[in-house]
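Accompanying notes for the structure given below.
What follows is calculated from the coordinates using simple rules that are stated; it is not laboratory data. Keep in mind that what you see is a predicted model, and the values were worked out from it rather than measured. Note: ideal-geometry Cβ built from the backbone for every residue, glycine included; neighbour counts use all protein chains shown.
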2 protein chains.
Amino acid sequence: MSDHSLAPVTAHAPPYYAVVFTSVRTADDVGYGETAERMEELVKDIPGYLGMDHARTPGGLAITVGYFRDEDAIKEWSAHAEHRAAQKRGRAEWYERYTLHIAKVEHSHGFERAR
Amino acid sequence: MSDHSLAPVTAHAPPYYAVVFTSVRTADDVGYGETAERMEELVKDIPGYLGMDHARTPGGLAITVGYFRDEDAIKEWSAHAEHRAAQKRGRAEWYERYTLHIAKVEHSHGFERAR
């Protein structure tokens, strides 16, 4: 084993929740970028919000993972009025399809290359 | 509400597990593509493997989500000899950093645009 494999870093300390949102977009991106940025700002005000990871293959699948301390934090974010309006507009205009998985993290670990 | 918002589709029927792997790669990609393809083939033989989603922002974060029926399936895949060798090589050569979250899915739903 090389040295850097001996220095694991933990993402967050369990328990916490991961909300996995996978999506494929339509060709209609009017208003999408501004709305996405606005949501990224708003979610930071939710108590129990821990962070977010996002990746998108150009022209293909996007995956956003939001990390929350507990279910109450997820419920508060899901029910947020401006977020709900964005979800509705997403179904009407921006998303070809999506899946949402709400999952309780039981184990986590991380790796960072030694400098 | 438009019609297509009334036709949710479920990703998988809970309970199931999501294994969320986020990674940033090094500049060294020798052997990476072949190994990734080989792993995608091998994991299909694990009983309880349900599928996988992958997205990567060019030059940035990659997120792979593997779906498994239960913890035993995840353990079998984690302990697979060829997979373990690939993990070790990943830490030595291909990954700048990564995080792994093993999470039990409690709720899920999906959306698909009406044709």
Tally of residues being within 20 Å of residue A:76 (Cβ to Cβ) and within 14 Å of chain B (Cβ to nearest Cβ) across the range A:37-62: 3
Unmet criterion (only one of (1) more than 7 Å from chain A (Cβ to nearest Cβ); (2) over 21 Å from residue A:108 (Cα atoms); (3) touching a residue at least 24 places away in the same chain (Cβ under 8 Å)) for residue B:68: (2)
Cross-chain or 6+ apart pairs with Cβ under 8 Å, the range B:82-104 first and more than 10 Å from every other protein chain (Cβ to nearest Cβ) and free of Cβ contacts under 8 Å to residues at least 24 places away in the same chain, then part of a helix (DSSP H, G or I) and surrounded by fewer than 20 Cβ atoms within 10 Å (Cβ to Cβ): B:84/B:78
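Quick grid of which residues meet (1) basic (Lys, Arg); (2) without any contact (Cβ under 8 Å) to a residue 24 or more places away in the chain; (3) not in a helix (DSSP H, G or I):
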position	(1), (2), (3)
A:19	no, no, yes
A:28	no, no, yes
A:34	no, yes, no
A:40	no, yes, no
A:54	no, yes, yes
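Checking the conditions here, which among A:110, A:60 is closer than 16 Å to residue B:112 by Cα and surrounded by fewer than 20 Cβ atoms within 10 Å (Cβ to Cβ)? Show your work before the answer.
Numbers: A:110 fails: closer than 16 Å to residue B:112 by Cα.
Just a single option satisfies the conditions, and that option is A:60.
Condition test on residue A:99, is it within 21 Å of residue B:109 (Cα to Cα), buried (at least 16 other Cβ atoms within 10 Å of the Cβ) and either touching a Pro at 6+ places or on another chain (Cβ under 6 Å) or polar (S, T, N, Q) (or both)?
Against the criterion (within 21 Å of residue B:109 (Cα to Cα), buried (at least 16 other Cβ atoms within 10 Å of the Cβ) and either touching a Pro at 6+ places or on another chain (Cβ under 6 Å) or polar (S, T, N, Q) (or both)), residue A:99 qualifies.
Sort out which residues of the range B:71-81 are surrounded by 16 or more Cβ atoms within 10 Å (Cβ to Cβ) and either farther than 14 Å from residue B:19 by Cβ or facing chain A (nearest Cβ under 10 Å) (or both), and write them in order of number.
Residues of the range B:71-81 surrounded by 16 or more Cβ atoms within 10 Å (Cβ to Cβ): B:73-74, B:76-77, B:80.
Within the range B:71-81, just B:74 meets the criteria.
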